[in-house]
Amino acid sequence: MLKLKYLIATILILLLFPSLAWAVQWEARNDVASDRVWHVLFSQPVDTQSINNSIYINDSQGDTVSSFLTPSADGKTIAVDAVPDYQPGQQYY
């Protein structure tokens, strides 16, 4: 009976408070400069303490590429700069 109460409470919470965050996956591009800095725009200020675990670049092998993440003054834009630069002919996600 207790498990049923937890299940119902969980379902109600999920229905009443849907996720406010969502992600966008951009289409592939082949004309990107190797030193490109991406700017990710959010509708609300983000928690700058949590961006290092939330925004990342993966190479074609699935490995995370080192990058600098720089929030704007208002916290709504994050600049993503890969270090070292992107390698020509490689794919990144």
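Considering only residues that are within 15 Å of the chain's Cα centre (by Cα) and touching a residue at least 24 places away in the same chain (Cβ under 8 Å), which ones fall in region 60-93?
If the condition is that a residue be within 15 Å of the chain's Cα centre (by Cα) and touching a residue at least 24 places away in the same chain (Cβ under 8 Å), then Val65, Pro71, Gly75, Lys76, Thr77, Ile78, Ala79, Val80, Asp81, Ala82, Tyr92, Tyr93 are the ones that fit.
Has region 57-70 got any residue that is surrounded by 10 or more Cβ atoms within 10 Å (Cβ to Cβ) and in contact with a Pro (Cβ under 7 Å, 6 or more places away or on another chain)?
no
Within region 28-56, track down each residue that is surrounded by 13 or more Cβ atoms within 10 Å (Cβ to Cβ) and in a strand (DSSP E or B).
Once the filter is applied, which keeps residues that are surrounded by 13 or more Cβ atoms within 10 Å (Cβ to Cβ) and in a strand (DSSP E or B), region 28-56 yields Trp38, Val40.
How many residues does region 57-93 hold that are assigned to a loop (DSSP other than H, G, I, E, B) and of a type in the set (A, V, I, L, M)?
Initially, region 57-93 is screened for residues assigned to a loop (DSSP other than H, G, I, E, B), giving 60-63, 66, 72-76, 83-91, 93.
Now drop any that are not of a type in the set (A, V, I, L, M), which leaves 73, 83.
Count: 2.
Bear in mind these aren't lab numbers, they're just calculated from the coordinates by the rules spelled out. Since we're looking at a predicted model, the values are computed, not measured. No Cβ is skipped: glycine too gets one built from the backbone with ideal geometry, and neighbour counts run over all protein chains shown.
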